[in-house]
1. Hey, rough spin-label estimate for residue 141 and residue 71, points 7 angstrom out along Cα→Cβ, what's it come to in nanometres?
2. Which length gain, in nm to one decimal place, applies between residue 159 and residue 189 when the Cα-Cα distance is subtracted from 0.36 nm times their residue separation?
3. Counting Lys and Arg as +1 and Asp and Glu as -1, what is the net charge of the other residues whose Cβ lies under 15 Å from the Cβ of residue 486?
4. Could you calculate the contour length gain from residue 14 to residue 488, that is, 0.36 nm times the residue separation minus the distance between their Cα atoms, to one decimal place in nm?
5. Among 135-144, 471-480, 457-466, how do they line up by average Cβ neighbours within 10 Å per residue, starting with the highest?
6. So what J values fall out for the stretch 46-57 if you push phi through Karplus, 6.51 cos²θ - 1.76 cosθ + 1.60 with θ = phi - 60°, rounded to Hz, Gly and Pro as x?
7. Hey, how many Å between the Cα centroid of the stretch 26-88 and the Cα centroid of the stretch 461-491?
8. Let me know the shape class of the stretch 401-507, please: from the alpha-carbon gyration tensor, a ≥ b ≥ c as square roots of the eigenvalues, rounded when a/c is under 1.5, otherwise prolate if a/b is greater than b/c, or oblate.
Amino acid sequence: MARDKGEAKSGFQLKVPKGTKDWDGKDMVIRDKIFRTITDVFKRHGAVTIDTPVFELKEILSGKYGEDSKLIYDLADQGGELCSLRYDLTVPFARWLAMNSSVQSIKRYHIAKVYRRDQPAMNKGRMREFYQCDFDIAGTYDPMLPDAEILRITCEIFEALGWKGRYTIKINHRKILDGIFEVCGVPTDKLRTISSAVDKLDKSPWDEVRKEMTEEKGLDGAVADEIGKYVQQKGGRDLLTELQKDEKLSSNTSAKQGLADMDLLFAYLDTFGVLERISFDMSLARGLDYYTGVIYEVVTEGSAPQTGEGHKMQQRAKKEAKSRNGVNFDGDEDRSNDPSVGVGSVAAGGRYDQLVGMFSGKKDIPCVGVSFGVERIFSIEKARLEAEKTQSSVRTNEVDVFVMAFGGSLLTERMQVCKQLWDAGIKAEFSWKVKPKLPQQFKAAETNGVPFAVILGDAEWAEGKVKIKEMGLSEDHPDKNGVPVEVKNLVEEVQKRLEDTEKVGTDVEALEKMGEVKIEDAEEAPKTS
């Protein structure tokens, strides 16, 4: 019986674990661009970076993630220490602050992998191993100023990625939610579990959420109905004004403080020019236990499930998985093709003022931050590039110049030219053949989207000259066959052209202008002997 292609001789199948993938080729280029874009914005706002271990003591992570705690990857006992893979970058940051008591204020960013034993939907960026890019501000400052800058940073990143306003930042406040639950009559011991149920309103209709509250979590039906009057509302400043007029909320200390915070935040967001991206969404609850103030999520067209029928399919799948596994877990199957599964939020965060104190046992350090899910952003970015037919232009390397020989070997000379370019910091390569054919050299440059060729010929080299050819010029362009330059001036001429055409690196917009070089062009290259 024939073995599967991926099956090793030892009998096991060669594959990556469920919920993970190998990254290569153009996918790496796109993901790299996302990293650079995010990092540039983080640095623009004065952040420094730190790094923490990929696993933490289990007790550090326990009790911080609400119902999602079941998704933490626990590791085997190693030398008497019970450890778990980190679930996010926020709790490790709070632990770091508690251990470094001399640091009372910091703007920090951290880009690293985190791990969650969630049901994967790989094509939608929902994975078990994935990168998060976090930006956090720790320290005691006047109310809502750091929160407003975090949201400004969030908008800058998505605009820099080219999303052009095709995203919404859903925002709410945990104190407002807590106040609503209190005035509606939710028992204190059910506040967090009811909050977690409300947070599912972005994926499930109110009827299903109400059913969970009453049948699964034992909440009185009348109380659930009162909650429903509030949490199904969304809007902007108009909604805030209406809530401020609500006498029940105004008489509740928690809700009153939350509404005051939001009023101030909206004013600052208006000043920063990002208020139009904000949706005040009362259903947003963020199930994590450590949030204490403003909370937010960034969603786009691909975030939500595709169909109403998808919701029903999702509920059926959960019930089937539960009966099949005997536990409240949806299984391991990849649900990329499930219409009930969307990409989800592409970034999220909020204020967590008490998390550091939970570790230090001393004075709290107020914190607010945001986390970007790179793989989810990637799935949307890749789809956007495909729709705009630009993905084929994404380069797999960043070489600026391909050094070629016409009509002979000129191996030593090609090596000398490459050395000259490398010494000047210019990205260049040449064919590793003693006598390469010109069409194959052009093909190599075309495959990697190299913007310029430097062509060597025996006669011109004897005169101390080479030709610089800009790839992809039209047939009638006067410089289509290349421009002669002195070898001694080559570096300066290449640098000038790279600056003028803005074709350094892997910027997609620049690559779109570059066009394509055909093999037939190689046959029409200038004769140099």
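Quick note: the coordinates plus some simple rules give every number you see, no bench work behind them. What you see is a predicted model; the values in this text were computed from it and never measured. Neighbour counts run over all protein chains shown; Cβ positions are idealised from the backbone, glycine included.
1. 2.9
2. My answer for the length gained is 6.6 nm.
3. 0
4. Result: 165.4 nm gained on full extension.
5. Ranking the peptides 135-144, 471-480, 457-466 by packing returns 135-144, 457-466, 471-480.
6. x, 7, 10, 10, 9, 9, 9, x, 6, 10, 10, 4
7. Here the two parts' Cα centres lie 50 Å apart.
8. Here the stretch 401-507 falls in the rounded category.
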